[in-house]
Amino acid sequence: MKTPLTLVDVLLLLALFCISPWVAGSSSSYCKLTNTGEIRPHSVSITDFGAVGDGVTLNTKAFQNAIFYLNSFADKGGAKLFVPAGRWLTGSFDLISHLTLWLDKDAVILGSTISDDWPIIKPLPSYGRGRELPGERHRSLIYGCNLTNVVITGENGTIDGQGSIWWDWFHSKTLNYTRPHLVEIMNSTNVVISNLTFKNSPFWTLHPVYCSKVLVQNVTILAPSDSPNTDGIDPDSSSEVCIEDCYISTGDDLISIKSGWDEYGVEYARPSTNITIRRLTGQTTSAGIAIGSEMSGGVSEILVENILFFNSNMGIRIKTSPGRGGYVRNVYISNVSLIDVNVAIRFTGKYGEHPDSGYNPNALPTVERITIKHVSGENIKTAGVLEGIEGDDFHNICLANITLNVSSMHQWNCSHVQGFSDFVSPKTCHSLRERIFPQHISDCYLPPNFIAQSLV
């Protein structure tokens, strides 16, 4: 005898198979975080501190002195540092709380090509060492720690890390420390990055780590397709993050959600949670949206919607490994368009890469309640490669309303995954063919806001 559907069942069903008003118009509070045009009562230009925008003069001291001066206004409504048109060469500098760093339309901040201009700092506690090399790491070009209410914005000015020299050092194995990010904001809250172009990062481009209430909006991120590890935006052990209206084209994952590495991430135990990504367009030799592989602190409550990836290796990717521990759960990805992509969906359970021999190989990650729906793809080589971990299946993987034009004879390849699907073409693996409706609607993750709004 069949069990009759409840009202909640019906609403869940509508959510899975309909493009709802919630998907089109939903808005987390952190997506409306700050007016980037907020007027600061105090403002100075970098030229007031002797900076020269000729692309040759090193202006690190000018940036440092300007920000030191503006710190006196932090408790008086904050301040604005204006960077006018010009090419402003600098080494690494720190931001302060209640600061707006504003780049004019034709302003370009250039990272120094001298490694000594990027100081050495301690590794992140959730990584235990530099990501590439044991020990310490280079500090990012623009850095902030323990801040509140900081804005990096402008009229589409540019921050260029001039990373090619770092990529050469990486390939030649002549680095002594892990490469720097272009922008790293650490242990901070109320952070806005908007209306700028970021280019040629030495390593990951934007790295908010141990942060909350972060808005990245209307930015362009560029790096050559063969540049190593030039991720676009990597929220790391951070919560209430909104990334929207961005274009990214780099040599690695466009967005990669992280939360620490193996035993260090497990011990630090700060997850990435409540992250919204929407209206993202881009191309990459890696994945468009990735979770991991450093996810040992946990990743959950992820909403991704209205995405376009083209000329890319992978569309959606989850990567982890025995030894990571942690979890990836409650992920909802909807309204994705893929064009000329090698693999539409890929899960990797044996990604490897460990910080040292101290990791626990029996620390197995949990991957569950991943919903991917409303995906269309043209000229896709492989629909999906979904590889869990033997003895640690990824479960409650739900695929709905997915139509992919696949050129390969091997359309799906699955192992150690369990889940459900409806209206997927080409047909999924046998382990995912059990239908969502009617018995497994509640096994598929949907953001709670949808149910709440549907009941109104």
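The values are calculated or read from the model by the stated rules, or taken from the named source; none is laboratory data. This is a predicted model, so every value here is computed, not measured. Ideal geometry is used to build each Cβ from the backbone, glycine not excepted, and the neighbour counts take in all protein chains shown. Surface accessibility is based on the protein's heavy atoms, side chains included, excluding ligands, DNA and RNA. Shrake-Rupley method; radii C 1.70, N 1.55, O 1.52, S 1.80 Å.
For region 400-405, backbone phi angles converted through the Karplus equation (6.51, -1.76, 1.60; θ = phi - 60°) give residue-by-residue couplings of 9, 6, 10, 10, 10, 8 Hz, Gly and Pro being listed as x.
Taking the centroid of alpha carbons for each part, region 40-74 and region 224-238 are 28 Å apart.
Sorting 374, 207, 98 by solvent-accessible area of protein heavy atoms yields 98, 374, 207, largest first, with a 1.4 Å probe.
Quantify, in whole percent, the carbon and sulfur part of the accessible surface of region 80-450 (1.4 Å probe; protein heavy atoms only). Carbon and sulfur together cover 47 percent of it.
The shape of region 89-201 comes out oblate: with a ≥ b ≥ c from the C-alpha gyration tensor, a/c is at least 1.5 while a/b does not beat b/c. Derived scalar couplings between HN and Hα for region 118-128 equal 10, x, 8, 10, 5, x, 5, x, 7, 10, x Hz in order, rounded to whole Hz, by the Karplus curve 6.51 cos²θ - 1.76 cosθ + 1.60 (θ = phi - 60°), x for Gly and Pro. Here the contact order of region 80-450, divided by its residue count and restricted to Cα pairs under 8 Å and six or more residues apart, works out to 9 percent. Its residue count N sets the reference 2.2 N^0.38 Å, and the alpha-carbon radius of gyration of region 39-138 equals 1.22 times that reference.
Mean residue ellipticity at 222 nm, helices only, the chain: -3000 deg cm²/dmol; runs of at least 4 DSSP H residues each add -39,500 (n - 2.57), and the sum is divided by the number of residues. Tally Lys/Arg at +1 and Asp/Glu at -1 over every other residue whose Cβ is under 10 Å from the Cβ of residue 41; what's the total? Every neighbour counted, the sum reads +3.
The phi-based Karplus calculation (6.51 cos²θ - 1.76 cosθ + 1.60; θ = phi - 60°) puts the 3J(HN,Hα) values of region 183-189 at 10, 10, 10, 10, 6, 10, 9 Hz, whole numbers, x for Gly and Pro. With contacts defined as alpha carbon pairs under 8 Å and 6 or more residues apart, what's the relative contact order of region 130-282 in percent? The normalised contact order for region 130-282 reaches 19 percent. Give the shape of region 115-166 as rounded, prolate or oblate, defined through the alpha-carbon gyration tensor: a ≥ b ≥ c are the square roots of its eigenvalues, a/c under 1.5 means rounded, and otherwise the shape is prolate if a/b is larger than b/c and oblate if not. Oblate shape, in that a/c is at least 1.5 and b/c is the bigger or equal ratio. Which label marks the calculated value of semi-axes √(5λ) of the Cα gyration tensor in Å, given the options (i) 50, 32, 19; (ii) 39, 24, 20; (iii) 40, 30, 19? Only one option fits the structure, namely (ii).
Amide H contacts for residue 434 (H built 1.01 Å from N in the peptide plane; partners 5 or more residues away or on another chain; cut-off under 5 Å): 421. The residues of the chain have, on average, 38 Å² of accessible surface per residue, using a 1.4 Å probe with all protein chains present.
For region 431-451 versus region 348-397, the spacing of their alpha-carbon centroids is 19 Å. For the listed residue pairs 76/105; 258/427; 199/381; 105/199; 32/213; 213/373, the alpha carbons are over 19 angstrom apart in 76/105; 258/427; 199/381; 213/373. Between 0 and 90 degrees, the angle of helix 7-17 with respect to the longest Cα principal axis of the chain falls at about 70 degrees. Give the distance, in whole Å, between the Cα centre of region 93-165 and the Cα centre of region 240-271. Cα centroid to Cα centroid, the span is 17 Å. For region 300-456, the relative contact order is 21 percent, taking Cα pairs closer than 8 Å that sit 6 or more residues apart in sequence and dividing their mean separation by the residue count.
Report the Rg/Rh value for region 381-456, based on alpha-carbon coordinates and the Kirkwood definition of Rh.
1.04
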